[in-house]
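The values are calculated or read from the model by the stated rules, or taken from the named source; none is laboratory data. Since this is a predicted model, take the numbers as computed values, not measurements. In this analysis, Cβ positions are derived from the backbone assuming ideal geometry, glycine residues included, and neighbour counts consider all displayed protein chains. Accessible surface is based on the protein model in full, side chains and every heavy atom, while ligands, DNA and RNA are left aside. Shrake-Rupley method; radii C 1.70, N 1.55, O 1.52, S 1.80 Å.
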Amino acid sequence: MRDLREWIALLEREGELVRVAAEVDPDLEVTEIADRTVKAGGPALLFESLKGARHPLLINQFGTERRMCLAFGVERLDDVARKVSDVLEMQPPQGLMDKVRGLQKLKSIADSRPQKVRRGPVHEIVLEGDDVDLALLPVQRCWPGDPAPFITLPAVITKDPRNGNRNVGMYRMQVVDRNTTFMHWQIHKDGRADWLATDGRIPVAVALGLDPVTAYSASAPLPKHIDELMLAGFLRGEPVELVQGVTVDLEVPAHAEIVLEGYIERDELGTEGPFGDHTGYYTAPEPFPVFHITAMTMRRDAVYPSIVVGKPPQEDAWLGKATERIFLPAIRATVPEIVDYDLPIAGAFHNCCIVSIKKAFPGHAHKVMHAIWGLGMLSLTKSIVVVDAHVDVHDYAQVLFYAGANVDPKRDVVIAEGPLDHLDHAPERQFVGGKLGIDATAKLPEEGARPWPEEIEMSAEIRDLVDRRWAEYGLESIPGAGNGRLGQTLRSLRQLQRR
Ligand SMILES: Cc1cc2nc3c(=O)[nH]c(=O)nc-3n(C[C@H](O)[C@H](O)[C@H](O)COP(=O)(O)O)c2cc1C
């Protein structure tokens, strides 16, 4: 998909979008409607008439697993991960066909680079200087304690002044006046590092209203030297087209609905917040840099995109789940004993990580905990539960069973210390605090365990027999019992053993 319009058309064809013609207020009312819709698993909403604003507002475009899969053009999010692991796990080719396949993969990487074009629809309307007016857009005030409207779904583009490398990130922007906002660059983020590396002012461009994969890529926790637009090109299978900004020395997505261009001074800060955040609480006011807008460029009839964060589950859950799946191959490339992991939506992602491992030696679970606490943005994870390879990390009942059955809290709980999410209000000090690791794997004698008992499992023959005879028993009316979950668990166990 090239742009937001193609995405809206696809959502509409798939019955995944509802247009709302009634006038609604971007001040709180949109949030309440979106919150109810997201929690009901409902469709994307295109509000066509917003009080006080000229442009329509799209929300809940990412709010279900199905829509997230539609965005990536896959059946399951793991299919996207497969595409990534295909490239990460490339081996020297053997034979001609292997070479051809290898070349195709390399070409798909080469073709991911953004492409500069001379003109783009994002420049159909150009407002500069005094004509810039954020009040044209239906920017939401999300929660009653928010002091102002916040732009919530931006792709913020900067360049590292030291080497010119591009960064694209998603950071909320509190509206200050018609041409000024704050920029919520948290301390662990690459956008903030670009800003801190300048000794004067840094040019900034903010793209609003992108194709869904490019919008997702802005939120992806890539290492600093990798361009998020390259990831977008790779995942889309076609490069993102860029045009030169009008007032800044930055390239901007040619097919964005709206772009805000401007600059941020190294030493100008203002008090941002409070903001009803993805932690489920208001984050306290804090000093953040000030973004001055020099130009606002748009497509005709531009659609303004928005998202609400708050107590989970919210729409951002599925952006987070996409990251969880897409980054699994990269995590396994560094810590290969990891089989799978799950960041529960209800745990607001950074609060909890469940990870399954192929345990091979005493202390292995502890090794993996510390690896995660040292790995990119996962380093901010507050608590980790480690289970054995056969446990399904996405089945929380199974995880709780092993966390209960296999744990001696005195022996198997690790309390460590390290960096925490910028927004975490629980620790004594901001940014650093305690970490909790629970080793729920079966224990080895060297780990101080008595002989470990055998887990209860029905024999395969009896399971197969009952699967085959289920209809004979006249029990078809019992949902899911027929062949179902036990047989399935066994199959996935067998698959794991074969790996
Ligand atoms: C809806 C949404 C809102 C976000 N808001 C912020 C924010 O206000 N500040 C921030 O630092 N990160 C925010 N994030 C997380 C960043 O987008 C994410 O960490 C990204 O990887 C940052 O990019 P960077 O590491 O290149 O700076 C948000 C993510 C989502 C999905």
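Structure values in brief
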{"read-out": "Segment 225-260: number of residues that are part of a loop (DSSP other than H, G, I, E, B) and in contact with a Leu (Cβ under 7 Å, 6 or more places away or on another chain)", "value": "4"}
{"read-out": "Close pairs (6 angstrom Cβ cut-off, 6 or more residues apart or separate chains): farther than 20 Å from ARG172 by Cβ and in a loop (DSSP other than H, G, I, E, B) in segment 193-214, of a type in the set (S, T, N, Q) and open to solvent by 10 Å² or more (accessible area, probe 1.4 Å) anywhere", "value": "none"}
{"read-out": "Some residue of segment 357-365 being small (Gly, Ala, Ser) and out of contact with any strand residue (DSSP E or B) (no Cβ under 8 Å at 6 or more places or on another chain)", "value": "yes"}
{"read-out": "Tally of residues being more than 11 Å from the ligand (Cβ to nearest atom) and not in a loop (DSSP other than H, G, I, E, B) across segment 261-281", "value": "12"}
{"read-out": "First in segment 312-334 and touching a residue at least 40 places away in the same chain (Cβ under 8 Å) and among the polar types (S, T, N, Q), second anywhere and more than 10 Å from the ligand (Cβ to nearest atom) and part of a loop (DSSP other than H, G, I, E, B), Cβ under 8 Å, 6 or more apart", "value": "THR334/LEU375"}
{"read-out": "Options ASP199, ASP160, ASP194: the member that is more than 15 Å from the ligand (Cβ to nearest atom) and either under 18 Å from the mean Cα position of the chain (by Cα) or more than 22 Å from GLN61 (Cβ to Cβ) (or both)", "value": "ASP199"}
{"read-out": "Residue in segment 420-433 that is over 30 Å from GLY280 (Cα atoms) and either in contact with a helix residue (DSSP H, G or I) (Cβ under 9 Å, 6 or more places away or on another chain) or open to solvent by 40 Å² or more (accessible area, probe 1.4 Å) (or both) present", "value": "no"}
{"read-out": "So ALA232, is it among the aliphatic types (A, V, I, L, M), touching a Lys or Arg at 6+ places or on another chain (Cβ under 7 Å), within 14 Å of the ligand (Cβ to nearest atom) and modelled with pLDDT of 95 or more", "value": "no"}
{"read-out": "Residue tally, condition farther than 26 Å from ASP3 by Cα, open to solvent by 50 Å² or more (accessible area, probe 1.4 Å) and more than 23 Å from the chain's Cα centre (by Cα), over segment 285-313", "value": "2"}
{"read-out": "All helices (runs of 4 or more DSSP H) inside segment 27-98 with 1 or more residues being open to solvent by 20 Å² or more (accessible area, probe 1.4 Å) and closer than 30 Å to ASP146 by Cα", "value": "29-39, 65-72"}
{"read-out": "Filtered residues of segment 169-183 (kept if open to solvent by less than 10 Å² (accessible area, probe 1.4 Å) and near the ligand (Cβ under 7 Å from one of its atoms))", "value": "GLY169"}
{"read-out": "Single match in ALA205, ALA256, ALA220 (criterion: aliphatic (A, V, I, L, M) and within 13 Å of the ligand (Cβ to nearest atom))", "value": "ALA220"}
{"read-out": "The lone exception for LEU196 - which of (1) aliphatic (A, V, I, L, M); (2) farther than 17 Å from MET230 by Cα; (3) in contact with a strand residue (DSSP E or B) (Cβ under 6 Å, 6 or more places away or on another chain) it fails", "value": "(3)"}
{"read-out": "Per-region count, segment 110-157, residues part of a loop (DSSP other than H, G, I, E, B), aliphatic (A, V, I, L, M) and within 15 Å of the ligand (Cβ to nearest atom)", "value": "3"}
{"read-out": "Out of LEU77, LEU57, LEU70, sole residue that is touching a residue at least 12 places away in the same chain (Cβ under 8 Å) and in contact with a strand residue (DSSP E or B) (Cβ under 9 Å, 6 or more places away or on another chain)", "value": "LEU57"}
{"read-out": "Test: residue in segment 227-246 that is of a type in the set (Val, Ile, Thr) and closer than 30 Å to ASP130 by Cα", "value": "yes"}
{"read-out": "Boolean, PHE288 is within 13 Å of the ligand (Cβ to nearest atom) and among the aromatic types (Phe, Trp, Tyr)", "value": "yes"}
{"read-out": "Among residues of segment 142-165, those that are in contact (Cβ under 8 Å) with a residue 60 or more places away in the chain and open to solvent by 50 Å² or more (accessible area, probe 1.4 Å), counted", "value": "5"}
